[in-house]
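Enquirer: Structure provided below as structure tokens; questions to follow.
The values are calculated or read from the model by the stated rules, or taken from the named source; none is laboratory data. Quantities reported herein were computed from a predicted structural model and do not represent experimental measurements. Heads up, the Cβs are rebuilt from the backbone with ideal geometry, glycines too, and the neighbour counts pull from every protein chain shown.
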Amino acid sequence: MTHPRAHARLIKDRLLLPLAGVLLVLAAWEATVVAYQLPAIVLPSPWAVLRALGELVRTSAFWHDVGVSLYEFAVGYAFGTVLGIACGLVMGESRAFRQAATPVVESLRFVVPFAWIPLTILWFGTSVVGKIVLVAYAVFFVMIVSTARAIAQVDPTLTRVARMLGMTPARRAIAVHLRAAAPTIASAARAAAAIGWIAVVAAEYVGASAGLGLMITNAATSLATPVVIAGMVVIGLVGAGVSALIGILARKRLEAP
């Protein structure tokens, strides 16, 4: 049974304090609008944005845009994560591969995904493929670097024990090193999710046939500022939800005994 004091502290930490933070931001927002008498086209009130959000969620077009963005993210994230962990594992295990791959990885990982947007539009047009590639690119470099570093920091004692047990290099890498590095990889997977989500929405601002980024661009063109901010709120909420979900799944899959 949960202790009453612990239960009260849990409610405070998980509910009351976050709610207080949200209310403080909303109060400051409303005060700014009132104090400066800002027109809705410049900065609408929180209530105007809430009304716009309520209208959006009742349309099928909105849910289609959300679904497209999530699909692009999910596929790109899956490819980027799997390839990043696999290549990072090889980098951590093979000195020759690490020496050959490091210059390429270190150079390309500083080329932000947004720099590739013009080329992806040229190569793939406004199809979902371009956004999937951008997400995979963004996620890949986070995962390969984090995995390689995590493997390099595995306790050498585990390696010696694995050798004494007669494990092959491949089995040692997967069963021992990868499992030992799992907590770090799980944290990297969550960080990569945030970067991947940002990449897909940003790409939709420039060239897309559907998605949350395109929805916001169209609203901005029509000077529908409440819809623009409502879209931004949705992007933040969906991103936070995706990040939390991936954190839970990563801990269950990568840290399970």
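Enquirer: Out of curiosity, is residue 69 over 23 Å from residue 236 (Cα atoms), of a type in the set (Ser, Thr, Tyr) and either under 21 Å from the mean Cα position of the chain (by Cα) or in a helix (DSSP H, G or I) (or both)?
Expert: Details: over 23 Å from residue 236 (Cα atoms): no; of a type in the set (Ser, Thr, Tyr): yes; either under 21 Å from the mean Cα position of the chain (by Cα) or in a helix (DSSP H, G or I) (or both): yes.
So residue 69 does not fit the description; no.
Enquirer: Inspect all residues belonging to region 68-84 and state whether any of them is over 24 Å from residue 246 (Cα atoms), surrounded by 11 or more Cβ atoms within 10 Å (Cβ to Cβ) and touching a helix residue (DSSP H, G or I) at 6+ places or on another chain (Cβ under 8 Å). Spell out the reasoning first.
Expert: First pass over region 68-84, keeping only residues over 24 Å from residue 246 (Cα atoms): none.
No, region 68-84 has no match at all.
Enquirer: Please go through (1) part of a helix (DSSP H, G or I); (2) of a type in the set (Val, Ile, Thr); (3) out of contact with any Pro (no Cβ under 9 Å at 6 or more places or on another chain) for residue 135 and return the number of the only condition it doesn't satisfy.
Expert: Unmet for residue 135, out of (1) part of a helix (DSSP H, G or I); (2) of a type in the set (Val, Ile, Thr); (3) out of contact with any Pro (no Cβ under 9 Å at 6 or more places or on another chain): (3).
Enquirer: On to the next question. Restricting to region 189-207, give me the number of residues that are among the small types (Gly, Ala, Ser) and surrounded by fewer than 24 Cβ atoms within 10 Å (Cβ to Cβ).
Expert: Filtering region 189-207 for residues among the small types (Gly, Ala, Ser) gives 189, 191-194, 196, 199, 202-203, 207.
Restricting the remaining residues to those that are surrounded by fewer than 24 Cβ atoms within 10 Å (Cβ to Cβ) gives 191, 194, 202, 207.
Qualifying residue count for the region: 4.
Enquirer: Separate question: Listed residues 95, 51; which is basic (Lys, Arg), in contact (Cβ under 8 Å) with a residue 40 or more places away in the chain and farther than 20 Å from residue 242 by Cα?
Expert: Working: 95 fails: in contact (Cβ under 8 Å) with a residue 40 or more places away in the chain.
After ruling out the rest, the residue left standing is 51.
Enquirer: Quick check on residue 147: is it in contact with a helix residue (DSSP H, G or I) (Cβ under 6 Å, 6 or more places away or on another chain), surrounded by 14 or more Cβ atoms within 10 Å (Cβ to Cβ), polar (S, T, N, Q) and at negative phi? Quick ask: steps written out before the conclusion?
Expert: Values: in contact with a helix residue (DSSP H, G or I) (Cβ under 6 Å, 6 or more places away or on another chain): yes; surrounded by 14 or more Cβ atoms within 10 Å (Cβ to Cβ): yes; polar (S, T, N, Q): yes; at negative phi: yes.
Answer is yes for this residue.
Enquirer: Only one of 118, 113 is surrounded by fewer than 20 Cβ atoms within 10 Å (Cβ to Cβ), within 15 Å of residue 206 (Cα to Cα) and at pLDDT below 95. Can you tell me which? Break it down stepwise before answering.
Expert: Numbers: 113 fails: surrounded by fewer than 20 Cβ atoms within 10 Å (Cβ to Cβ).
The conditions single out 118.
Enquirer: On to the next question. Any idea which of (1) touching a helix residue (DSSP H, G or I) at 6+ places or on another chain (Cβ under 9 Å); (2) farther than 30 Å from residue 180 by Cα is the one residue 60 doesn't satisfy?
Expert: For residue 60, the failing item is (1).
Enquirer: In addition: Going through 30, 106 one at a time, which residue ends up being in contact with a Pro (Cβ under 7 Å, 6 or more places away or on another chain), more than 22 Å from residue 245 (Cβ to Cβ) and without any contact (Cβ under 8 Å) to a residue 24 or more places away in the chain?
Expert: Values: 106 fails: in contact with a Pro (Cβ under 7 Å, 6 or more places away or on another chain).
Checking each option against the conditions leaves just 30.
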